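The next block holds one structure in the form of structure tokens; read it before the comments.
The values are calculated or read from the model by the stated rules, or taken from the named source; none is laboratory data. Predicted, not measured: the structure shown is a model, and the values here were computed from it. As a convention, Cβ positions derive from the backbone with ideal geometry for all residues, glycine included, and neighbour counts pool all protein chains shown.
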Amino acid sequence: MKTNEIRRKFIQFFESKQHTYVPSASTIPIGDQTILFTIAGMAQFKSCLTGEEVRPYKRATNAQKCIRVGDLDDVGKDGRHCTMFEMLGSWSFGDYYKKEAIQWAYEFTKSELKLDLSRFWVTVHHTDDEAFDIWKSIGVSENRIVRLGDKDNFWAMGPTGPCGPCSELYLDQGEHVGQCYEKGLKCSGPGCDCDRYLEFWNLVFMQYNRKEDGTLLELPMKSVDTGCGLERLTALLQGKHSNFDIDLFIKIKQKILDTTGIKNTINELSTQQKVNCNVIADHIRMLTFTLGDGAHFSNEGRGYVLRRVLRRAVLQVLKLTPHWPKNKSFLENIVTTVVEEMGEFYPEIIQNKARIEDAIRIEELRFNSTLESGLAKFHSFIEEAKSKNKKVLSGEHVFILHDSFGFPSDLTQILCEEIEFKTDIEGFKKHMQEQKERSRAEAKFYKFDLDDSPWMEFHTPHVEKDKHFAGYNLEFKNQ
Ligand code: ATP
Ligand code: MG
Ligand code: MG
Ligand code: MG
């Protein structure tokens, strides 16, 4: 079954259970200050879950485009985390509760998807006897129901808002799958941070509303919020052990290869080249969707996240195809395939395709213009450290790479990891703080400079050189 069919099947299944289909919300949350990006399907239903808003339906289903920047470091290291992914969801707003939620998730898994139940496991919150008993009553054997603590089985979207205990569905992909196996470690089972037991669906029983001071208030009505990762589900159904090997990503990765001119098929690539392709494919999808929803590159907050993601992707491009011309955008070419594969369900990326491509091209070329000199600088810093018998890149050097060459610190960290170097991130933060203070002081100076007429003389070219010095004295005198 193809990714697009699985998405459709999920939605149709819940529609057959009287759920109303609601289109995906934007990846950029509107009117919610607690998050930078939409991280789960429930984002647009928060007020329905707290009871503040009543809609004409009490059951909903959808496929939500989600962005999880917190998973950025896992991309390329494991097979189950993407920065942008689709969450298939179903909701009850004060209608049905645990019994139906569990029953239907099981029915879909067993009868519609026909996943191999001999590999099926579930988890419940360690205090949730009710969920435990429901799973048992529908035929899941007791030794396949694992009780876990808050870390895995209590779900909240942000510091405040609706939350509650959850129950997760897993499939054991086999003892030879996952990072534990690769490292010769014993996997601890569902909840282990490796790919072997793949969590594909989370059923959250919305029971509480967390207030600013952290207290949990019982919600007036009990609701259900479920989220199932489309890429993970597709991987399971297509017999793949990684999200990046599903049909949709194969198409994107093929386009990446075609663009580089590398003649090998995806299967013939080296492990390192496969990782490069996975990261580029992931990042370009994330950028296509966020830019398509109106985000833009900038030096702060959300825009800076996009900038970091693009720069990480560019670095991977450079590894895959070191001679790619610096005056041509590579990533721009890949947007077409993302749009071809996903535009039917998300027409906004078709409508905004030209804008997305323009933004990516401009940003990539801008970074390319400093990339070579930045890498040369990086290598000279590394040589300097080595000559002092150090295997750490100093905070000052990380800062210079950030400030003068546009290398976000996580990019420098990746480069360092590859040659088994550490980075002094604390030192880097100190330099960043000092820079912030400097620019704050300057901003103050400029403000005074503009607002106060006697100092307007400093705008004349011949005194320009002394501006900062005078400003500094001025600041000082005014304190
Ligand atoms: P994990 O423990 O593997 O990081 P999670 O518990 O953080 O997953 P949930 O918050 O429960 O994930 O989200 C619901 C579902 O969304 C998951 O069961 C999974 O199928 C999917 N999912 C979560 N994060 C990602 C991601 N970064 N990439 C792809 N799918 C994801
Ligand atoms: Mg997670
Ligand atoms: Mg989890
Ligand atoms: Mg989960």
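Criterion first (within 15 Å of ligand 1 (Cβ to nearest atom), under 25 Å from Ser167 (Cβ atoms), over 26 Å from the mean Cα position of the chain (by Cα) and not assigned by TED's automatic domain parsing to the domain that holds Phe345) does Ala101 satisfy it?
yes
Could you tell me whether the range 214-233 includes any residue that is more than 16 Å from ligand 3 (Cβ to nearest atom), farther than 23 Å from Asn153 by Cβ and modelled with pLDDT under 95?
Among the residues of the range 214-233, at least one is more than 16 Å from ligand 3 (Cβ to nearest atom), farther than 23 Å from Asn153 by Cβ and modelled with pLDDT under 95, which makes the answer yes.
Could you list all residues from the range 146-166 that are away from ligand 2 (no atom under 16 Å from the Cβ) and in contact (Cβ under 8 Å) with a residue 60 or more places away in the chain?
The answer is Pro159, Thr160, Gly161, Pro162.
Do any helices (runs of 4 or more DSSP H) entirely within the range 198-295 hold 1 or more residues that are in contact with a Phe, Trp or Tyr (Cβ under 9 Å, 6 or more places away or on another chain) and in the same structural domain as Arg144 (by TED's automatic domain parsing), and if so, which?
Output list reads 230-237.
Would you check which residues across the range 37-84 are small (Gly, Ala, Ser) and either away from ligand 2 (no atom under 13 Å from the Cβ) or crowded, with 18+ Cβ neighbours inside 10 Å (or both) and list them?
Answer for the range 37-84, where residues must be small (Gly, Ala, Ser) and either away from ligand 2 (no atom under 13 Å from the Cβ) or crowded, with 18+ Cβ neighbours inside 10 Å (or both): Ala40, Gly41, Ala43, Ser47, Gly51, Ala60, Ala63, Gly76, Gly79.
Applying the selection to the range 315-357, what residues are farther than 21 Å from Phe297 by Cβ, in a loop (DSSP other than H, G, I, E, B) and among the hydrophobic types (A, V, I, L, M, F, W, C)?
Of everything in the range 315-357, just one residue is farther than 21 Å from Phe297 by Cβ, in a loop (DSSP other than H, G, I, E, B) and among the hydrophobic types (A, V, I, L, M, F, W, C), namely Phe345.
Which residues, taken from the range 1-38, are modelled with pLDDT under 95 and of a type in the set (Gly, Ala, Ser)?
Scanning the range 1-38 gives a single hit, Gly31.
Counting just the residues of the range 284-330 that are among the small types (Gly, Ala, Ser) and surrounded by fewer than 20 Cβ atoms within 10 Å (Cβ to Cβ), which one comes out farthest from Ser404 (Cα to Cα)?
Only one residue fits best here, namely Gly294.
Please work out which one of (1) within 16 Å of ligand 3 (Cβ to nearest atom); (2) in contact with an Asp or Glu (Cβ under 9 Å, 6 or more places away or on another chain); (3) in a helix (DSSP H, G or I) is the condition Ser47 fails and give its number.
Ser47 satisfies all of (1) within 16 Å of ligand 3 (Cβ to nearest atom); (2) in contact with an Asp or Glu (Cβ under 9 Å, 6 or more places away or on another chain); (3) in a helix (DSSP H, G or I) except (1).
Pick out the one residue from Gly184, Gly189, Gly174 that is assigned to a loop (DSSP other than H, G, I, E, B) and in contact with a helix residue (DSSP H, G or I) (Cβ under 9 Å, 6 or more places away or on another chain).
Criteria check complete, one pass: Gly174.
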